[in-house]
Amino acid sequence: MLISGPNEMISMGEQQETTQQFVTRVLAKTETFNKQELADYQRSQLAQLLRLAHTETAFYRKRLAPFFRKGDILDWQKWNDIPVLKRADIKEHGETMIVKNLPKGHGPSYETASSGTTGTPITVHGTYLMLTAGTAAFARACRWYGHVNNDRYCLVMNAAQVEALDRNVWAVGIEGSDRLEGNKSSSRLAVSWTWSAEHILSLMEQHRSSCFSGYATTLENVAEAQMKRCADIKMKFMVGVSMALTPRARKLVTQVFNARTYSAYTSKEVHKVAHECPVSGGFHVNSELVLMEILDDSDKPCAPGETGRVIITPLFGTAQPLIRYELGDLATWGEPCPCGRAHPIIARIDGRIRNQFQFAGGHRFMPGIGHEAFRDLLKADQWQVAQTGPLDVEVRFISPASDEFIDKAAMTDLLQKSYSLNLNVAYRRVTIMPLTPAGKFMDYVNKYEMQIDARANENAS
Ligand SMILES: [Zn+2]
């Protein structure tokens, strides 16, 4: 059994409770662990996952061989020598990472596709226990905000997931119809991020949802749409998942819904990574669920304050172990949190690596220009800057103002000064901002690099 503590082994099969109740109880206990207890607990989980991967999969039998001394003894000194797992490894060798016989209590397994950096999805296999533990970790974070779980929830997912839900259990929205379907008295309503914010709001109203959980960008759009409506919706709690909420989204949610809000750092492949702390505003890693590392360019661990690549090992990912998986994000460790929880703090999640820009003759960098400039100069509600060539960017924006009221020249000047380059800046008005296949909105997108990647892949195949 993978769930065990440093001082006690807990066997799930012997408990007269549901998996969810069990994991919730474990997480309430581990939440009080000190740093050493938490590290010991995590290592005991990790050891079990490594043994499983080593014995049950062809891929890891070879990859982890140097890590195992005298058969079954793990050589933790060699941890940093285990190669980082890339998306390309999963694409190429994913089948040989699959565990056929899941440990008791972990299954069933499920398949999910995640969008790649060039829009090519990869398929990964997760476990029921992974999802359940994620839900329990989410509930724990809700509790930090004084929020108990008997409210009516609106949950955002993709249209296919909404379609597949059990309608005896869920209230579900229907695309193009304002009617609520399924079990209308259910406390859980499912909507799709592909639907308009107005449609989602109308369904929330019928359902009388008091809480919302969905992509940070969907949340922002919903708040934006509500600001323009006459009808009043009071919400208690709105959670933005996948990435941190922008300061603007937080402000809108407070203004429009009078709700509390916080963010969760999640991903399809590895599920719930970290939750925002109400005390420091940093993100506490769910160390019971994942081992998170931040590595520099030479794969050395980063110290607090240094930005590096996020590497995740999901501890309950027993259907297809992803050991030292490079998620594609950049992040920075923070200092220990004043709230007293020993779970490591992520001070900043800097976004996707594919959002970095690299102009001719220059180095890669995270292109950050405050939202205020786009709002003031372009009167933009939403915007996206794309690198489209070696010295070219395109600003896509949604703005109610006509051209005579916006200042493209000043915006171009600002971009050129910010990047110290004589860039060619093009402008394009759009009505909808493009999202990635996973529903993520990227404020900075490197189309130029994606084209180069796509060409390299074509040439290689
Ligand atoms: Zn904290």
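Rule-based calculations on the coordinates, nothing more; no lab input. Here the structure is a predicted model, which means the values were calculated and not measured. With ideal geometry, Cβ positions are generated from the backbone for all residues, glycine too; neighbour counts draw on all protein chains shown.
Within the chain, what percent of beta bridges assigned by DSSP are antiparallel, to the nearest 5?
Antiparallel bridges make up about 60 percent of those DSSP assigns within the chain.
Tell me, what ³J(HN,Hα) does each residue in segment 325-342 have, in order and in whole Hz, if you take phi through Karplus 6.51 cos²θ - 1.76 cosθ + 1.60 with θ = phi - 60° and put x for Gly and Pro?
7, 7, 6, x, 9, 10, 8, 9, 5, x, 7, x, 7, x, 6, x, 5, 7
Which ³J(HN,Hα) values, rounded to whole Hz and listed in residue order, are derived for segment 395-400 from phi using the Karplus coefficients 6.51, -1.76 and 1.60 in 6.51 cos²θ - 1.76 cosθ + 1.60 with θ = phi - 60°, glycine and proline given as x?
9, 9, 8, 10, 9, x
Determine, at each q value in 0.05, 0.08, 0.09, 0.10 (inverse angstroms), the log₁₀ of I(q)/I(0) that the Debye formula gives when each Cα of the chain is one equal point scatterer.
Listed by q, the Debye log ratios stand at -0.19, -0.50, -0.64, -0.80.
Report, ordered by chain and residue number, the lysines lying within cross-link reach of Lys234, taken as a straight Cα distance under 23 Å and ignoring same-chain residues fewer than 8 apart.
Within the straight-line limit of under 23 Å, Lys234 reaches these lysines: Lys184, Lys251.
Grab every C-alpha pair in segment 132-245, bin the distances at 5 angstrom width from 0 up to the longest one, and report whole percents.
Binned Cα distances yield the sequence 2, 12, 23, 26, 21, 12, 4, 0.
Short version: ³J(HN,Hα) in whole Hz for each residue of segment 47-55, in order, from phi by Karplus 6.51 cos²θ - 1.76 cosθ + 1.60 (θ = phi - 60°), x for Gly and Pro, what are they?
4, 5, 5, 5, 5, 4, 4, 5, 8
Which cross-chain or sequence-distant (5 or more) residues have an amide H under 5 Å from the amide H of Leu74, H modelled 1.01 Å from N in plane?
The answer is Arg69.
Tell me which residues come under 5 Å, amide H to amide H, from Tyr427 once H is placed; ignore anything under 5 positions away on its chain.
Val395
For segment 136-219, with only Lys/Arg (+1) and Asp/Glu (-1) charged at the beta-carbon, what is the dipole magnitude about the Cα centre, in debye rounded to 20?
The dipole magnitude comes to about 400 debye.
Amide H of Ala342 versus every other amide H placed in the peptide plane: which residues, excluding those fewer than 5 positions away on the same chain, fall under 5 Å?
Distant-sequence amide H within range of Ala342: zero hits.
Quick check on my link table: of Lys100/Lys268; Lys62/Lys268; Lys300/Lys417; Lys86/Lys447; Lys228/Lys379; Lys29/Lys86, which ones sit more than 23 Å apart, alpha carbon to alpha carbon?
Beyond 23 Å between Cα atoms: Lys62/Lys268; Lys300/Lys417; Lys29/Lys86.
Return a whole-number percent for the relative contact order of the chain, with Cα pairs under 8 Å and 6 or more residues apart as the contact set.
12
In what sequence do Leu423, Leu391, Leu189 fall when counting other Cβ within 10 Å, fewest first?
Leu391, Leu423, Leu189
Could you give me the radius of gyration and the Dmax of segment 149-214, taking only the C-alpha atoms into account and expressing both in angstrom?
Cα-based Rg and Dmax for segment 149-214 come out at 10.2, 30 Å.
May I ask you to order 232-240, 332-340 by the average number of other C-beta atoms within 10 Å around their residues, highest value first?
The most tightly packed comes first, giving 232-240, 332-340.
For the chain, what does -39500 (n - 2.57) per DSSP helix run (n ≥ 4), summed and divided by total residues, give at 222 nm, in deg cm²/dmol to the nearest 500?
-9000 deg cm²/dmol, from helical runs alone.
Pull up the DSSP beta bridges for segment 203-315 and report the antiparallel fraction as a percent, rounded to 5.
60
Place the peptides 216-225, 274-283, 87-96 in order of packing, highest mean first, counting for every residue the other Cβ atoms within 10 Å and averaging per peptide.
In descending order of packing, they fall as 216-225, 274-283, 87-96.
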